[in-house]
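Take a look at the structure below.
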Amino acid sequence: MVDFNRFTLANGLRVLVHEDDTTPMAVLNILYDVGARDEEEGKTGFAHLFEHLMFGGSVNIPVYDEPLQRVGGENNAFTSNDITNYYITLPATNIETAFWLESDRMLSLAFSEKSLETQRNVVCEEFKQRYLNQPYGDVWLKLRPLAYTTHPYRWATIGQDLAQIENAKMEDVKAFFHKHYNPLNAILVVGGNVKTADIKEMAEKWFGPIPSGTAYERRLPAEPQQTEARSQTVHAEVPLNGLYMAFKMPARRDPEYQVFDLLSDVLSQGHSARLYQRLLKDQQLFSDIHAYITSSLDEGLFVIEGKLSEGVSMEDAEKAVWKELQEIASQPVTVDELTKVKNKSESIMVFAEMSLLDKAMNLAYYELLGDANGLNTEIDKYLAVEAAAIQNAAARTFIPAQCSILYYLTAKDA
Amino acid sequence: MLNRTLIPESRQVNEINFIAPAQQQLDNGIKVFTLNAGKQELVRIEFVLENVNWDPSKPLQSNAVNHLINNGTNTLTAAQIADQVDYYGAFLQTEYGADQSTIKVYTLTKHLKSVLPILWSILNDSIFPQQELDIFKLNQQQSLKVSLQKNDFLARKNFAAVLFGNTTYGSGISLEDYQAIQREDLLGYFRAGYQPANCTVFVAGKFEQPEFDLLNAVFGQEWSNNEKAVVNHFEFPDHQKGDLFIERPEAIQSAIRMGTLTVNRTHPDFAGFQVLNCLLGGYFGSRLMANIREDKGYTYGIGSAVVSMKHSGYFFIATEVGADVCGKAMEEIEKEIGLLQNELIPAGELDLVRNYMLGSMLGSLENAFSHADKFKNIYFSGLDYSYYDDYIKTVKNISSLELQELAKRYLNTDNFIKVIVGKK
């Protein structure tokens with residue numbers, strides 16, 4: 001159970017406070033409701049590049065990191081296709097420094113040319129390090145545009161290519177800031193050894209004077225129903241053949257989301273899961289195989305990915321995956337399997353309460369979903385799932401005409 | 001009107017409370033250190049076994065035993081073990097380190113009674129089935145083939161090989177090493193390495209007397225294994241110096257790794273050296289990050305670290321930089337080290353690092369698990385909690401002059417091994 005208090009400032013900023021006196025630390029987490037899905041085509045990678053620029057100084061504070069480190073704090077941030085999330089961890093006695101820093105960069109950035117130039121380079125190196133200079137690093141750069149034709153999920157958070165980042169202009173940066181970075185578009189969570197009354201006072205003091213801004217109205221093109229099987233074959237200097245299969249699945253807020261999560265668990269959670277036991281251990285077709293979901297706020301993906309054992313043909317490997325998918329679509333999972341994945345979900349929820357930062361991030365995310373208290377009732381949704389629902393979800397999902405497949409082959413198999 | 005240019009008041013961390021574990025003993029003498037803390041009804045139990053009987057001709061022996069120990073016993077198949085562990089929502093992990101092998105389980109406390117017998121079977125009756133070994137050998141080789149395509153992996157592997165030679169710290173594993181693993185070697189190691197004389201248990205989470213009694217009832221009896229074993233001991237008088245370049249013509253980034261053998265946690269200079277390391281490359285605001293990422297934009301990240309092992313310690317700097325700026329990055333790294341040796345660190349910068357490190361230490365004591373981890377660090381170095389008192393004193397008080405001396409003593413780049421993988 002993660003307790004919290006909640007209030008909203010006059011400018012629309014939503015604030016949640018989680019009091020935890022077992023720690024001397026505090027966390028300030030701020031979630032902006034903007035991700036790569038809010039980018040324009042041709043200017044992709046921008047939400048993420050922008051996240052880097054948020055550390056390049058704000059209107060009244062020339063450097064962000066230094067004053068925070070000086071009071072014993074640390075910070076970081078991440079960008080996904082849906083959200084951008086910033087967080088600070090510091091000794092609770094120094095929490096006001098976090099308010100000072102975060103409120104100033106919500107008010108306005110410094111927009112320094114030097115910072116833009118450096119961060120363009122840094123992000124390009126990040127692009128190379130994580131996506132281009134790694135075996136299989138570019139899988140998602142290829143799989144997304146295969147699975148999505150229309151919705152902006154068709155590009156990765158890093159962007160479609162290096163050139164779009166290299167070409168980012170200061171005017172783009174400013175426009176992006178004014179559109180997305182304001183109190184109406186943010187959720188602030190403070191957790192740790194703090195008192196709600198003090199936090200309320202600090203929130204009013206530091207964030208209260210920031211103008212509301214204009215609410216961003218999200219109008220994203222819906223992805224049309226996929227009616228034909230899609231596939232793409234890539235050859236690269238990699239040692240093993242890889243198979244990546246993606247199916248559409250409901251959005252995160254859909255009441256069936258938990259059904260799909262458990263479906264992926266039956267296939268792939270732990271070493272007792274079906275894909276691992278049958279395809280890796282029994283039939284030895286794969287040396288590595290996983291199923292997982294993207295948990296996206298719009299229609300997401302159910303992904304199966306595996307590396308083939310040497311000497312196994314792609315045809316046989318793919319056929320074996322389809323056989324598993326057809327089985328789970330045509331027969332209910334066993335009572336033991338269902339109990340197992342529910343027990344595991346319960347464990348994972350309880351273990352997540354061990355970390356103050358995780359609790360703060362989760363509160364912010366569930367508030368974005370509609371209600372932070374959803375974090376505390378989430379497990380009930382999992383426990384309520386029945387075997388028939390899983391079978392039904394599988395039957396509607398695992399259809400060849402709705403599948404996008406990436407064959408990632410070693411150059412020698414070209 | 002709010003003045004946003006004024007930094008709010010702040011305080012240096014002056015009190016850091018470490019929670020020491022309670023020490024108990026099972027009926028067969030195994031020491032159990034328990035950190036009973038936290039609100040959640042869950043527990044982590046770790047069985048830590050010293051690595052023994054190092055045989056350089058079988059570099060994967062102890063590693064493979066650790067990895068395969070949950071793959072079949074006299075009474076349970078690999079699938080049954082996985083099934084039962086997952087059924088109770090538990091997580092069973094094996095962790096192989098250069099000095100110790102660990103078997104750990106995370107479980108809700110209410111399922112402890114069901115989970116412990118599975119662990120007992122694993123630690124006492126493992127049989128390492130040939131079929132499981134064959135799958136392991138093939139899949140590990142596949143995974144190694146992927147890693148061998150990664151520049152940072154190659155840099156790490158070659159750096160360790162030069163530094164630590166033919167010991168468990170340095171051994172550069174090859175595909176052939178996997179092919180050579182024999183089931184008999186695994187059984188032999190299991191009989192020697194997995195026994196009470198060699199085992200210490202660490203518990204963290206919700207764990208009271210009834211849970212201890214449960215643990216004792218299962219693990220306090222006589223274990224199956226009792227063969228003679230010698231705990232590994234290594235000495236590293238000196239190492240090769242110089243440059244190692246592994247060319248990968250298609251690389252768009254080069255991995256750099258450089259460093260040297262140095263003191264470990266038991267040495268009085270260690271805490272001061274950690275301050276020096278933090279300043280150079282140990283946090284986001286470090287000199288290496290400020291120069292090579294934030295000023296030059298050559299990399300997504302660069303860092304340095306001091307690593308303490310049982311019989312050695314080492315220092316290293318690691319990064320991946322644009323292939324076209326590799327030479328420049330190397331120059332800048334050496335320049336930053338030179339500055340530490342030749343100029344006193346300004347008081348403002350040193351104060352910042354002090355505060356950062358104290359805050360970071362405070363933040364690293366988040367829950368029962370992290371308190372237990374802090375204890376393991378000192379326990380396996382043969383130290384007590386005065387180590388942390390001294391560490392905090394050093395962080396608060398070390399002078400710029402002392403840090404300059406440490407830089408001269410430990411960061412002599414002529415003694416460094418410098419590995420570059422990619423393009424120069």
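Odds and ends about this structure:
- Residue within the range B:83-95 that is under 30 Å from B:Ile135 (Cβ atoms), in a strand (DSSP E or B) and open to solvent by 70 Å² or more (accessible area, probe 1.4 Å) present: yes
- Test: A:Glu346 is more than 10 Å from chain B (Cβ to nearest Cβ), of a type outside the set (Ser, Thr, Tyr) and open to solvent by 20 Å² or more (accessible area, probe 1.4 Å): no
- Scanning the range A:36-74 for residues that are farther than 17 Å from A:Cys124 by Cβ and among the hydrophobic types (A, V, I, L, M, F, W, C) yields A:Met54, A:Val59, A:Ile61, A:Val63, A:Leu68, A:Val71.
- Every pair of residues 6+ apart whose Cβ atoms lie under 7 Å, when the first sits in the range B:78-96 and is under 15 Å from A:Ser345 (Cα atoms) while the second is open to solvent by 70 Å² or more (accessible area, probe 1.4 Å) and charged (D, E, K, R): B:Tyr87/A:Asp336
- Selection of helices (runs of 4 or more DSSP H) fully inside the range A:296-414 by the criterion of at least 1 residues being farther than 28 Å from A:Phe4 by Cα returns A:314-330, A:335-352, A:387-397.
- Enumeration of residues in the range B:260-285 that are within 19 Å of B:Thr299 (Cα to Cα) and either touching a residue at least 40 places away in the same chain (Cβ under 8 Å) or of a type in the set (Ser, Thr, Tyr) (or both): B:Cys278, B:Leu279, B:Leu280, B:Tyr283, B:Gly285
- Test: residue in the range B:66-76 that is part of a helix (DSSP H, G or I), crowded, with 20+ Cβ neighbours inside 10 Å, of a type outside the set (Gly, Ala, Ser) and more than 14 Å from chain A (Cβ to nearest Cβ): yes
- The set of residues in the range B:210-259 that are of a type in the set (A, V, I, L, M) and either within 14 Å of chain A (Cβ to nearest Cβ) or without any contact (Cβ under 8 Å) to a residue 40 or more places away in the chain (or both) comprises B:Ala217, B:Ala251, B:Ile252, B:Ala255, B:Ile256.
- Scanning the range B:279-318 for residues that are open to solvent by less than 10 Å² (accessible area, probe 1.4 Å), under 23 Å from B:Ile398 (Cβ atoms) and either at pLDDT 95 or above or not assigned by TED's automatic domain parsing to the domain that holds B:Arg409 (or both) gives B:Leu279, B:Leu280, B:Gly281, B:Ser286, B:Leu288, B:Phe315, B:Ile317.
- Total residues in the range A:116-135, condition more than 7 Å from chain B (Cβ to nearest Cβ), touching a strand residue (DSSP E or B) at 6+ places or on another chain (Cβ under 9 Å) and surrounded by fewer than 19 Cβ atoms within 10 Å (Cβ to Cβ): 1
- Candidates A:Asp282, A:Asp316, A:Asp254, A:Asp261 - the one that is crowded, with 18+ Cβ neighbours inside 10 Å and not assigned by the TED database to the domain that holds A:Asp82: A:Asp261
- Number of the condition not met by B:Ser370 [criteria: (1) within 19 Å of the chain's Cα centre (by Cα); (2) open to solvent by 30 Å² or more (accessible area, probe 1.4 Å); (3) within 14 Å of chain A (Cβ to nearest Cβ)]: (2)
- Residue check, A:Asn76 within 9 Å of chain B (Cβ to nearest Cβ), more than 16 Å from A:Gly192 (Cβ to Cβ), outside any helix (DSSP H, G or I) and out of contact with any helix residue (DSSP H, G or I) (no Cβ under 8 Å at 6 or more places or on another chain): yes
- Selected residue (criterion: surrounded by the fewest Cβ atoms within 10 Å (Cβ to Cβ)) from residues of the range B:8-37 that are away from every other protein chain (no Cβ under 14 Å) and outside any loop (DSSP other than H, G, I, E, B): B:Gln23
To keep it simple, each residue is scored yes or no on (1) open to solvent by less than 40 Å² (accessible area, probe 1.4 Å); (2) not in a loop (DSSP other than H, G, I, E, B).
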| site | (1), (2) |
| --- | --- |
| B:Leu133 | yes, yes |
| B:Phe136 | yes, yes |
| B:Gln140 | no, yes |
| B:Ser143 | no, yes |
| B:Gln149 | no, no |
| B:Ala155 | yes, yes |
| B:Asn166 | no, no |
| B:Gly172 | yes, no |
| B:Glu176 | no, yes |
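- In the range B:283-323, the residues that are outside any strand (DSSP E or B), touching a helix residue (DSSP H, G or I) at 6+ places or on another chain (Cβ under 6 Å) and away from chain A (no Cβ under 12 Å): B:Arg287, B:Leu288
- Matching residues, the range B:201-220, being under 27 Å from the mean Cα position of the chain (by Cα) and open to solvent by 20 Å² or more (accessible area, probe 1.4 Å): B:Lys206
- Restricting the range A:86-115 to residues that are facing chain B (nearest Cβ under 9 Å) and in contact with a Ser or Thr (Cβ under 6 Å, 6 or more places away or on another chain), the residue that is farthest from A:Asp358 (Cα to Cα): A:Asp104
- Residue match in the range A:280-287 (condition: more than 8 Å from chain B (Cβ to nearest Cβ) and small (Gly, Ala, Ser)): no
- Hits in the range B:112-131 (condition: in a loop (DSSP other than H, G, I, E, B) and open to solvent by less than 20 Å² (accessible area, probe 1.4 Å)): B:Phe128
- Residue match in the range A:22-29 (condition: in contact with a Gly (Cβ under 7 Å, 6 or more places away or on another chain), under 22 Å from A:Leu368 (Cβ atoms) and either open to solvent by less than 20 Å² (accessible area, probe 1.4 Å) or not assigned by the TED database to the domain that holds A:Lys174 (or both)): yes
- Taking first residues from the range B:345-363 that are more than 8 Å from chain A (Cβ to nearest Cβ) and farther than 12 Å from A:Arg70 by Cα and partners that are open to solvent by less than 20 Å² (accessible area, probe 1.4 Å) and of a type in the set (A, V, I, L, M, F, W, C), the Cβ contacts under 6 Å between residues at least 6 apart in sequence or on separate chains come to B:Ile345/B:Leu403.
- Subset tally (residues that are more than 9 Å from chain A (Cβ to nearest Cβ) and over 30 Å from B:Thr260 (Cβ atoms)) for the range B:135-177: 2
- Sole exception among (1) within 11 Å of chain B (Cβ to nearest Cβ); (2) of a type outside the set (S, T, N, Q); (3) open to solvent by 10 Å² or more (accessible area, probe 1.4 Å) for A:Phe46, by number: (1)
- When A:Val234, A:Val259, A:Val266 are screened for being within 14 Å of chain B (Cβ to nearest Cβ) and of a type in the set (A, V, I, L, M), only A:Val266 passes.
- When the range A:326-377 is filtered for residues that are among the hydrophobic types (A, V, I, L, M, F, W, C) and more than 30 Å from A:Val15 (Cα to Cα), the ones remaining, listed by number, are A:Ile328, A:Ala329, A:Val333, A:Val335, A:Leu338, A:Val341.
- Criterion (outside any loop (DSSP other than H, G, I, E, B) and open to solvent by 10 Å² or more (accessible area, probe 1.4 Å)) met by exactly one of A:Glu41, A:Glu66: A:Glu66
The values are calculated or read from the model by the stated rules, or taken from the named source; none is laboratory data. Bear in mind that the values here come from a model prediction, so they are computed numbers and not experimental data. No Cβ is skipped: glycine too gets one built from the backbone with ideal geometry, and neighbour counts run over all protein chains shown. With ligands, DNA and RNA removed, areas are computed over all heavy atoms of the protein, side chains included. Shrake-Rupley method; radii C 1.70, N 1.55, O 1.52, S 1.80 Å.
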